[in-house]
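Asks: Can you read through this structure? Questions will come right after.
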Amino acid sequence: MQDSLLTFGLDSAGAMRLASSISKELGKRVPISFVFKHPTLQSMIDHFTQTWPAIVHSVREYKGEALMEYRLWHGAKVPMDKPLYLLGSGGHARTVVATLFSMQVPVSGIFTNLEEDVGENILGVEVLGLLSHVPAATECYLHISLGQPLLKMQWASQFPNHSYVTIVHPRAYVDTSCTFGEGSFVGALAVIDAAVSIGAHSIVEVHSMIGHDVVVGSFTLIGGMAAIAGASRIGDGVVMGTHSSTAPKVCLGNKSVLGSGSSAHVNVPEGCTAIGVPAEILYHDIPIKM
């Protein structure tokens, strides 16, 4: 317990494997530097018991099957013992409905803020009513099927006590070391590499790619075929347009926008809109309009 693992021949490659195994087991990213800072088993245990007094083991079911989790960070897989309702009747709602059908998960109905959409059908699922008609938190699960981050924030604030479903398309590849917040969505053929953390109510659209050790905030939209290079940081409420990309270790600040087809080679400050290759700041503190 007190002997350094380095004395047993632990090298950089071994430390990387060990850090990955610990991350996978704890459901929380542990960097390779941790192994060298805490080279004995006793020092590792002391660190975890002092820093994380309540370690939880997240449920992992990415390989070969779809993922549906509620409040993933609590480590509990909740059975479908209550109806699932979607909030939102726009284009992204169609994507979510189609994904749930491919997973053979029933959708009990849709609620919207658009009175003219009430009574319509989205791929066979009826729009039952307005947001004011959503059942109580004890009666259902929800998923906000909107592609607009700021509106999504507003809707989530109206239903803070509900449990939100996180959905990963069965044809997406997600490494087992990744973690999600509640209410997020990953589309078909998306690829999410090792040790990625994605917050709550974020969207990773079809064919997108997220490299290793990336952190994506909450209420963020990663457009179709976007590519985020390794060790990048994507803030809350960010919009990355279709075919946009980042260089490694780039930070996109909260509520920033990276235009379609643009490539961020340097950091984009909070609230800014950047376009071009390489991306340049076009606007600052202008509300997102979609």
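Asks: Return the pair list, or none, for Cβ contacts closer than 9 Å from residues in the range 103-122 that are in a helix (DSSP H, G or I) to residues that are modelled with pLDDT of 95 or more, at least 6 apart or on different chains.
Replies: If the second residue must be modelled with pLDDT of 95 or more, the pairs left are 115/130; 117/110; 117/127.
Asks: Any idea which of 111, 159, 180 is among the aromatic types (Phe, Trp, Tyr) and under 28 Å from residue 248 (Cα atoms)?
Replies: 180
Asks: Sticking with this structure for a sec: For the range 249-256, does any single residue satisfy the condition of being in contact with a Ser or Thr (Cβ under 9 Å, 6 or more places away or on another chain) and either more than 29 Å from residue 143 (Cβ to Cβ) or in the same structural domain as residue 153 (by TED's automatic domain parsing) (or both)?
Replies: Yes - at least one qualifying residue is present in the range 249-256.
Asks: For residues that are of a type outside the set (Lys, Arg), within 19 Å of residue 213 (Cβ to Cβ) and surrounded by fewer than 21 Cβ atoms within 10 Å (Cβ to Cβ), scanning just the range 236-269, find the one that is nearest to the chain's Cα centre (by Cα).
Replies: Looking at residues that are of a type outside the set (Lys, Arg), within 19 Å of residue 213 (Cβ to Cβ) and surrounded by fewer than 21 Cβ atoms within 10 Å (Cβ to Cβ), I get 236.
Asks: Among what's in the range 204-215 and is assigned to a strand (DSSP E or B) and modelled with pLDDT of 95 or more, pick the residue that is surrounded by the fewest Cβ atoms within 10 Å (Cβ to Cβ).
Replies: 209
Asks: Further question on the same structure: Given the options 242, 273, name the one that is outside any loop (DSSP other than H, G, I, E, B), at pLDDT 90 or above and assigned by TED's automatic domain parsing to the domain that holds residue 181.
Replies: 273
Asks: Condition first: on the phi > 0 side of the Ramachandran plot and at pLDDT 95 or above. Now tell me which residues in the range 75-118 satisfy that.
Replies: 88, 109
Asks: If the requirement is being at pLDDT below 85, in contact with a helix residue (DSSP H, G or I) (Cβ under 7 Å, 6 or more places away or on another chain) and not assigned by TED's automatic domain parsing to the domain that holds residue 186, which of these qualifies: 58, 145?
Replies: Every option except 58 fails the conditions.
Asks: Which one of the conditions (1) surrounded by 21 or more Cβ atoms within 10 Å (Cβ to Cβ); (2) farther than 23 Å from residue 87 by Cβ does residue 218 fail to meet, given that it meets all the rest?
Replies: Looking at each condition in turn, residue 218 falls short on (2).
Asks: Right, another one. Can you tell me which of 191, 239 is farther than 20 Å from residue 150 by Cα and either touching a residue at least 12 places away in the same chain (Cβ under 8 Å) or touching a helix residue (DSSP H, G or I) at 6+ places or on another chain (Cβ under 7 Å) (or both)?
Replies: Matching residue, one of 191, 239: 191.
Asks: Looking at (1) of a type in the set (Phe, Trp, Tyr); (2) surrounded by 18 or more Cβ atoms within 10 Å (Cβ to Cβ); (3) over 23 Å from residue 90 (Cβ atoms), which one does residue 141 not meet, given that it meets all the others?
Replies: Failed condition: (3).
The values are calculated or read from the model by the stated rules, or taken from the named source; none is laboratory data. Quantities reported herein were computed from a predicted structural model and do not represent experimental measurements. All Cβ positions, even for glycine, are placed from backbone atoms using ideal geometry, and neighbour counts span all protein chains on display.
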